[in-house]
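S.K.: The structure follows.
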Amino acid sequence: MPGQLTVRLTSELEAGIEALSRRDRRRRSDIVRLALARFIREESGKETPSPYHRVKNLIGAVESGVPDLGEAHREHLLRRFRRG
């Protein structure tokens, strides 16, 4: 292998790598190389994310207290604007 990199890991990352290493019977360095290769492959194929992709993990994460807000959002908005 042409290159070598030294990385400091959090205890959580180290424990995760160790667990995967035992489970898959692979060396820790192999686990890290596979993870880096996947990350680079995924990131290099990405373009600037759309506004939807930036907030999709937030959709449905907030409770409005209005049970049919998704179905009757227009009516709720109109009622809200009329009230001021």
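S.K.: HN-Hα J couplings of segment 36-43 from phi, Karplus 6.51/-1.76/1.60, θ = phi - 60°, integer Hz, Gly and Pro as x?
M.R.: Working through the residues one at a time gives 5, 4, 5, 4, 5, 4, 5, 6 Hz.
S.K.: Taking 7 Å along the Cα-to-C-beta vector as the label spot, tell me the S64-Y52 distance in nanometres, rounded to one decimal.
M.R.: 1.8
S.K.: Another one. To the nearest 0.05, what FRET efficiency results for A72 and E43 with a Förster distance of 41 Å applied to their C-beta separation?
M.R.: Efficiency for this residue pair is about 0.55.
S.K.: Could you work out how far the C-alpha centroid of segment 1-33 sits from that of segment 34-59, in angstrom?
M.R.: 22
S.K.: Any chance you could list P(r) for the chain, counting all Cα-Cα pairs in 10 angstrom bins from zero, rounded to whole %?
M.R.: 12, 24, 21, 17, 14, 10, 2
S.K.: Further question on the same structure: Using a basic spin-label model with each label point 7 Å from the Cα along Cα→Cβ, how many nm lie between L36 and E18?
M.R.: 2.2
S.K.: So if each residue of separation counts as 0.36 nm, and I subtract the Cα-Cα distance between F81 and T6, what length gain in nm does that give?
M.R.: Difference between extended and current length: 21.2 nm.
S.K.: Which of I40, P51, L13 sits farthest toward the positive end of the charge dipole of segment 11-83, with +1 on the Cβ of Lys and Arg and -1 on the Cβ of Asp and Glu?
M.R.: With unit charges placed on the Cβ atoms, the residue in question is I40.
S.K.: Next question. Are there GluC sites (Glu not before Pro) in the chain that DSSP puts in a loop and that have at most 15 other Cβ atoms within 10 Å, and which ones?
M.R.: Here the GluC sites (Glu not before Pro) that fit, given the DSSP loop and packing criteria, are E47, E63, E71.
Each value in this text was obtained by applying a stated rule to the coordinates, not by laboratory testing. From a predicted model like this one, the values you see are computed outputs, not experimental measurements. A quick note on method: Cβ atoms are made from the backbone with ideal geometry, for glycine too, and the neighbour counts reach across all protein chains shown.
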